[in-house]
Each structure stands twice: as structure tokens, then as C-alpha cells.
1. For region 101-144, how many residues are at pLDDT 75 or above and not in a helix (DSSP H, G or I)?
2. For region 474-499, which residues satisfy the criterion of being out of contact with any helix residue (DSSP H, G or I) (no Cβ under 8 Å at 6 or more places or on another chain) and either of a type in the set (Val, Ile, Thr) or closer than 30 Å to residue 336 by Cα (or both)?
3. Confirm whether residue 383 is assigned to a loop (DSSP other than H, G, I, E, B) and not basic (Lys, Arg).
4. With (1) in contact (Cβ under 8 Å) with a residue 60 or more places away in the chain; (2) more than 17 Å from residue 16 (Cα to Cα) as the list, and residue 139 as the residue in question, which single condition is left unmet?
5. Looking only at region 20-31, filter to residues that are surrounded by fewer than 19 Cβ atoms within 10 Å (Cβ to Cβ) and not polar (S, T, N, Q); which one of those is modelled with the lowest pLDDT?
6. Has region 486-503 got any residue that is of a type in the set (Lys, Arg), in the same structural domain as residue 343 (by TED's automatic domain parsing) and in contact with a strand residue (DSSP E or B) (Cβ under 9 Å, 6 or more places away or on another chain)?
7. For region 308-323, what are the residues that are among the charged types (D, E, K, R) and at pLDDT 90 or above?
8. From (1) among the hydroxyl-bearing types (Ser, Thr, Tyr); (2) in contact (Cβ under 8 Å) with a residue 60 or more places away in the chain; (3) over 17 Å from residue 347 (Cβ atoms), pick out the condition that doesn't hold for residue 453.
Amino acid sequence: MPRRPRIDLAGYHHVINRGVNRSDIFVGESDYAVFLGIVCKACKAYAVVLHDYCLMSNHFHLLVETHRENLSLFMKHINSNYAIYANKKQKRSGHFWQGRFYSRYINSESYYYTLIRYIEQNPIEAGLATTVGEYPYTLASCIANRQTPPPCTLDSKLLLELDYENIQEMIGVALGDEELEILTKIQKQKVLTHDNTKTIAYSKTLKEHFRRKDRNSAIGIALQDGYTQASIAKHLGISRSLVSKIVKKNGVFSTPDPFKEDFDTIDRLGKSRTPFLFIVSYNKTKIFAQALQDLDDDIYYKLEDWRNYPVKKRDKAFTFSKSPVDFYTYKKALDNILEEIRSGNTYLINLTFQTPIETNFSLKEIFTYAKAKFKLYYKNEFICFSPERFVQIEDDTIATYPMKGTIDANIPYAQEKILADEKEMAEHVMIVDLMRNDLGIVGSNVKVEKFRYVEKIQAGDKELLQVSSKITATLPPNWKDTIGTLLSQLLPAGSITGTPKQSTINIIDNVENFDRGFYTGVFGLFDGKSLRSGVMIRFIEKENHALFYKSGGGITIDSDAKSEYNELVDKIYLPF
């Protein structure tokens, strides 16, 4: 008899497995740590996020988020590696697990949050604890006891937003009969994927969906939960065509993705001469574009003298500490890059790292008080205070200002030294050549109007000198109709990738140990006539309660590891 197909849809999954014959799978405290280590390695290998876990002596619960259809591969990695470890330690052989694993697909937030409570209350139901967080082998226990959670849980939606004081209030309340019914009487619907018929789980029955709710809105939510129009029509006793009309008229109610726009949207806004703000991630997969008249309340920007927030003076002292990557880790990445350079795969590459930081200021406070030409605050998720302009378009002239070369302004003869440095000169020449080629794609009459001019910027408690150049080109008269197309041809910015651009991007993807996201992307504003934009460097991102500062620098064959490392660390500052 063939095996029942597993749920391999990308999304959220509740995964359970237990020892064969219900035997213990964890027989010592170290076993729990080894298992979590294997889970975290699997998360990294298969791009999976662990949202919650509970490790009981003879079984485990995992709440995971997959981004590809690879749940089976993910679980195979965990099951096989832990079984090898446990069998060797316990000097046993034969089957270790009761089966491959059991999983449920989660396709609604209500089911997600109910499951977290169910998972965290498992030890209470088993009589091993009296409150959530008391049992040591759960994510809630890490938070309740102020311990560092496993790294693979850092994107958890709910738990890491709590603290030890309110964790009982949020997830410690016992599940009610209705909530238990969601978990124990889950209905199933067949879902066809590219290869097999799978099953997914509803979070609510149709009866529950339509209880004390406006019918039309309930239809939208039920469709989100996976019910078909036919099953909804049958439940309501109306025709399927009527359900279809309601859906077309009202739409399916969903949470919009703020970064779902594309370069075509930017083209349309420009063509209508609508003033708008745009934000584009490093790899161009996430794009935000919104008319200024409709701009969300919690988005603030500054592009030189264009801003949408009041200027305030800092009225309190700030604290700031940073924990940069160790020199050995940095040098290992740099050595890999130097090998690529020696092989002829790149000549200049921008190597970046993310650094945990701590400060008594909020992201909004840092944004408000920071001194920089280009600043962006996005909904308490990330900020940048960048000294680097990307492109500026006035009339039919586009200009870009690549920035390469940094030195402490307090060093004697700092300007003379940075301009005479052969490594810095070579790096700057390469990036200017790359940007000349990029502007040649979208314009004509390309010129280097200024070469290696020096500007002074404030870097926390000291001043830095930055070296830039100005390159211009002439655009077609209709450039306002194709702003999105123009940006798509220029991005990612050459100053934060390297040359040759595409092969260097591939090397960056292999060498760097984090996702750049919006860091080193660009943001800008079109006012109906002209355009300004900045490169998103000097970038701080909030991930749950933690802040990460992302910084880096250009690497060439002449790069000195210690000097490059010091430059990376020097760029981690608050510009007050």
C-alpha cells in the first residue's frame, strides 16, 4: 500500500513525532540541546523558521514556517541525524521513531495562535508544570527565564514579542472547549499541488465562521481559510453564482503585502506625474511604491531638503553599544573573496555583515535625531541614515554619486592619505567605471564631472572623510514615463555590489551569512518633475526585540584584512 503523501506546501506547519513504542527520545539534559542544535542546522539548510517548540521526553512539537515545498526534506534531516546520535549514545539499533512524522498545515492566524497555546501548555496537561514557561524545554521557558532563544526562532511571530511579565496573560490561559474543538475536530480539504494531492487543515468550521458575523465578510474570511465557494454556498443554502458575485463585489479580505508592488507600478505613477515615495530591496524582490498623498502615517523620509517630519533637537543622552563579528570570522569571509578575485571572478566586491547593537533610543528617536542627507523610517521595522546619494534626475539629466573610500578625519593629513592610497584609488576607479557603464544603459553623453572629491560626515563621536565622484548622463525627454524601468536597469547599485556586477552578486550570496533585505537597496521620491534617491547604507533593522546594524566596505586584491575590519566597525555608529 503506498504511503500517504505528506503536506509539503510552503507555509506554516505543526509537526509532531514520537519514539517507537512511545519510548523516550530524550534521556538526558544534553539530548534536548543536541536536538535543538540539529533543528537549527536544518532550519538554516532548508530556509525554515522555527516559531515554537516543546520537547517532551517521548515526543516533540514543532511549529515551523517553510518557504519552499521541502518539509519532508527538513524533517528527514532532523529525524536521521538525531536518530544516529541517540542510537550511538544509547548503544541501541533498529527503528528510533514511530514514523516519519505527523503534520498539520496551518492557513489562518487564529489556528496559529491557538496552536502556540496548545504547544506551550503540553507540559501542564502532562502534569510536568503548573504554569507556562516553567517546563524548561519550550520556547516560552527561554523568554520567561530571560534566556537566549535558539537562533532559528528569531523570526517567531508571537512569542519573542512577549516578555516574562506578560507571557502568562497571553498564552497561559487554558484552552476553552471551542478552541479545543478547532484542534481536535479539524476538517480536511484536498489541495492539488504540482505533484500530489495533499491535505490542509481548516482552523474553523463553517458554522463557526458564520456565527455572529456579517455574511459577506465571513465569506471572504472562509475563502482565506481554504473553503471553496461551492462548500460555502451549500452551507448557506444559496447558489454558488451568488457567492461568486459577493466575492467579486467585496473581494477576499486579506492583509495586504506592503511590498507587493513592482517596477510597473512605479512606471504608472511616473507616467501620471503623481508624486510618490519608493523603496526597493537589495535584490529587487520587495518594492514599496505609494503616492505621497496616500502615504502611510508611520513612514518618514528625508532626501536632502525634502522631508515629511518636523525637526527636533535631542533632549536626552543616549547609550550605544555594538557587538561586531569577530575578526576571525570576518577574515575567513574576506579570504574567500580574495580567492574569487585571484580566480578572476570579481575585481571589486562589497562585503557586509550585520552587528547586534543596544541603545536606549527607539528606531524613531534615532531617525529623528540622526544627521544625514538621506534618511528613511519605515513603521518601526528599519531605518537608514545614509550619506550616499543613488541617482538624482533634474530636467533630463541623471547624476549618480558613487562613494568609495573612508578615513578617520582626525588622522593627521587624513585627506592627503586617503587620496594617495593606491588601494582606495583602484577601488574608486573600478566603481566609477561600473557606474559609467550603468548610466550608459539608460542615457547618453555620459561624463565624469567630479572625480574623487572629499566630504566630511559625522560618525557618532568622531568625524569621517568620505570620497565620492559625480557621473552624469542625458536621459530621453520621456524619462518620467519609465522611472520603474530605469530603476530596474540600474539596480542593485554598483557601489554596494562590485564589478563585474552579476558574478559579484553571486559571490555575495555565497559568502555573506545573512539576508541583506532592504539594506543596500535604495529609496527615493519623485515630486512630479524631478527625482532624488539614496542608497540604504548606515542601516538598522529591528527583528523582534533585537536591533541589527548592517555595514560593510569594498574589497579588492590589495585589501588588508585588519584595515577593512576596522572600517566595517567604524561605520557602526549613531550620527548625533
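The values are calculated or read from the model by the stated rules, or taken from the named source; none is laboratory data. Because the structure is a prediction, the values reported are computed rather than measured. Reconstructed Cβ throughout: ideal geometry from the backbone, glycine too, with neighbour counts over all protein chains shown.
1. The total comes to 20.
2. Result: 474, 491, 493, 496.
3. So residue 383 does not fit the description; no.
4. (2)
5. By that ranking, first place goes to 22.
6. No, the conditions are met nowhere in region 486-503.
7. Answer for region 308-323, where residues must be among the charged types (D, E, K, R) and at pLDDT 90 or above: just 322.
8. (2)
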